[in-house]
Every structure is written in C-alpha cells, then in structure tokens.
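**Q** Structure provided below as structure tokens; questions to follow.
The values are calculated or read from the model by the stated rules, or taken from the named source; none is laboratory data. Note that the structure is a prediction, hence the values are computed from the model and not measured. Cβ placement follows ideal geometry from the backbone for every residue including glycine, while neighbour counts extend to all protein chains displayed. Protein only, heavy atoms only, side chains kept; ligands, DNA and RNA dropped before computing areas. Shrake-Rupley method; radii C 1.70, N 1.55, O 1.52, S 1.80 Å.
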Amino acid sequence: MPLNAAVVGTTGEPLIHEVDARWLMAYAAGLGDTLPCYLDTLRPEGIIGHPLFPVCAEWPVIVAMRDLQARTALTAEERLRAVHATHDTIIHRPVRPGDQLTTRATIVGVEQRKPGAFETTRLDTTDANGLPVSTTWQGGLYRNVYVDGQDRLPHDIPALPEVSGSPSSVRAEVTVPISALAAHVYTECARIWNPVHTDTAVASRAGLPGLILHGTATLALAVSQIVRLEAENTPERVCRIAGRFNAMVLMPSTITVRILSRQSTASGDVVSFDVQNAEGGPAVRDGVVVLRA
C-alpha cells in the first residue's frame, strides 16, 4: 500500500518522561563515554545528558506515530521496512536530572524518492515550563513503498550554517571498536527498543544481513569523539547535530570517525565529519556538529 501524502500535518499525542540521573548516566555508559559531566554526581553543578540524549525521549513518540489511524494504509510488513535515514537536532540546552520532558511529533513532509517513500517528522521536546530543550527533524525511508499524492516537502528546517569549500585532507581520525553486544547495551541504556537491532529473526525478515547498530548510537559515538577533540570535553557547547545514515554497521566491527574540517561562522564553529564502517562504507555522511562560541 502507498504512503498517503495527506498525513503531512498529523500531530501525535505528547509523551512525558521524567528524567533521572540513572538514565542520563546509563546513556553515557552505553556509549562508553566516561566524561565526569555525564557520570560524576558529586560535581557541584551536577551532571548533564550526552548531547544526543534527546533521542531517548523521541523514540517512543515515533513508535506511537506509527499506530495512528492516518497511517494504517501501510501494512505491518511495510512498516518494518522503515529505516532511519536522516537526523538533524537543535539542542537548546542540555538535559539534566529532574527534567520533565514533553515530546510531540508532527509529520512535516512526505516525498517520493527512488528507494521508497521518504517521511520527515519534527519532534519538539520541551521542559516543565514549556521551554524548548531540543527540536529534531528525523527522516524515515520506507523502502519500496510508494507515495499516494503530490510530494509535500518540509519547509520549517533551518538551514545549516554555510561553510566555504571542501576539505582537502582529514583533520583527525579515530577508530572506535563496536562489540558484538553494542546494540543490546545501547537498547537497554537508551531505552530505545527496535528488534531489528537485537533479534536475528526480525533482522532476517527485514532483509538485513545480520544485527546492525542503531543509527543514533553510531551518531552519538561520533559526537563523543568530536566533543573530546574539538570542544575541549565540554558537551554544553554542542548546539546542533546533523547527518545522513547510509552504510550499515554490523557487529562486532569497528567504525572510523573522520573529522574533516572546522570553520567559524556567525552561528558558531561548524565541525564537518563522517563515519565509515569496517568495510569503508559511509555509515554517516554529511555530518555536522555546530559548537557554541
């Protein structure tokens, strides 16, 4: 069945999460990131969440959207074909213990692409006072699914800061090991459960060659390296994270985080990067992290 473009504008029910130190620490631990700002509860200023922690609050909202009446034209098998294709998060402030986060999803775009139907969802996360914590535009591709109706492109995604030229060489390169259990650990620490990452039978039915690491885990591992190498271990400086997911990361294996360039702009320092899987394929391409001054 096709994905009807009329779903654009559909908004799901908000979900509320109470964030505690345990969850924030678990997320960092699941990434192997040992910065004291994530783990040391004796710090006078307390701990904060990893810059990509908002995905933990966003995932249940995305799952709930799949069950909306407006999307029942897709069969269960077609919904299983959905892959996380793009991710773009603006971080208004770090998440802290005690935060009450409310996340709401709105479908803001549907378009036909060669591999299938591409859907863009905006996820707005606010605190107990209604102030923004993060805003994410997530692109999902339904492989071999067609769009019913005219393409409706998203119009509310802020442009990324412009940088000049393309890098002539790699600024820095780090190889990160990925264990056979990485997806299981990330699933439980992030509280993001999608069985294609942890259940071989489900992965097989989805046409995958084996268990693959979550795209957000791969992206978060890259952000950890950028915070270490480019932000003086100060994750509070990260105000935007964007990238496109492409090649799969199988387990066990390695990924290589390549920092390609860093340029100063009016919006902050723009760090361009990519992530290669063990076979040299682009696990994350067109990666960007914007650092506050």
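**Q** Of all residues in segment 208-222, how many are among the β-branched types (Val, Ile, Thr), assigned to a helix (DSSP H, G or I) and touching a helix residue (DSSP H, G or I) at 6+ places or on another chain (Cβ under 8 Å)?
**A** Number satisfying all stated conditions: 1.
**Q** Take the residues in segment 1-17 that are among the hydrophobic types (A, V, I, L, M, F, W, C) and either part of a loop (DSSP other than H, G, I, E, B) or touching a His at 6+ places or on another chain (Cβ under 7 Å) (or both), then tell me which one is surrounded by the fewest Cβ atoms within 10 Å (Cβ to Cβ).
**A** Met1
**Q** In segment 279-293, how many residues are touching a residue at least 60 places away in the same chain (Cβ under 8 Å) and open to solvent by 50 Å² or more (accessible area, probe 1.4 Å)?
**A** 0
**Q** Any residue that is under 17 Å from Ser134 (Cα atoms) and either open to solvent by less than 40 Å² (accessible area, probe 1.4 Å) or free of Cβ contacts under 8 Å to residues at least 60 places away in the same chain (or both) - is there at least one of those in segment 63-82?
**A** No: zero hits.
**Q** Answer with yes or no whether Arg104 is in contact with a helix residue (DSSP H, G or I) (Cβ under 9 Å, 6 or more places away or on another chain), open to solvent by 20 Å² or more (accessible area, probe 1.4 Å), assigned to a loop (DSSP other than H, G, I, E, B) and not small (Gly, Ala, Ser).
**A** Considered against the rule, which asks whether it is in contact with a helix residue (DSSP H, G or I) (Cβ under 9 Å, 6 or more places away or on another chain), open to solvent by 20 Å² or more (accessible area, probe 1.4 Å), assigned to a loop (DSSP other than H, G, I, E, B) and not small (Gly, Ala, Ser), Arg104 comes out as no.
**Q** Which of the residues belonging to segment 122-168 are small (Gly, Ala, Ser) and either at pLDDT 95 or above or open to solvent by less than 80 Å² (accessible area, probe 1.4 Å) (or both)?
**A** Ala128, Gly130, Ser134, Gly139, Gly140, Gly149, Ala159, Gly165
**Q** Search segment 107-136 for residues being assigned to a strand (DSSP E or B) and of a type in the set (S, T, N, Q), and hand back the single one that is farthest from the chain's Cα centre (by Cα).
**A** Gln112
**Q** Is it true that some residue in segment 184-200 is assigned to a loop (DSSP other than H, G, I, E, B), open to solvent by 20 Å² or more (accessible area, probe 1.4 Å) and of a type in the set (Val, Ile, Thr)?
**A** yes
**Q** Next question. Just to be sure I understand the filter: pairs with C-beta atoms under 6 Å, separated by 6 or more residues or on different chains, first member in segment 145-157 and among the aromatic types (Phe, Trp, Tyr), second member modelled with pLDDT under 95 and surrounded by fewer than 18 Cβ atoms within 10 Å (Cβ to Cβ). Which pairs pass?
**A** Pairs that qualify, where the first residue is among the aromatic types (Phe, Trp, Tyr) and the partner is modelled with pLDDT under 95 and surrounded by fewer than 18 Cβ atoms within 10 Å (Cβ to Cβ), are Tyr146/Pro2.
**Q** Next question. Just to be sure I understand the filter: pairs with C-beta atoms under 8 Å, separated by 6 or more residues or on different chains, first member in segment 221-236 and under 12 Å from Arg258 (Cα atoms), second member open to solvent by less than 10 Å² (accessible area, probe 1.4 Å) and among the small types (Gly, Ala, Ser). Which pairs pass?
**A** Ala222/Gly243; Ala222/Gly287
**Q** To continue, here is another question. Quick check on my filter: what residues within segment 27-47 are surrounded by 18 or more Cβ atoms within 10 Å (Cβ to Cβ) and farther than 18 Å from Leu219 by Cβ?
**A** Cys37, Ile47
**Q** If Gln225 meets every condition in (1) in contact with an Asp or Glu (Cβ under 7 Å, 6 or more places away or on another chain); (2) part of a helix (DSSP H, G or I) apart from one, which number is that one?
**A** Of everything listed in (1) in contact with an Asp or Glu (Cβ under 7 Å, 6 or more places away or on another chain); (2) part of a helix (DSSP H, G or I), Gln225 misses just condition (1).
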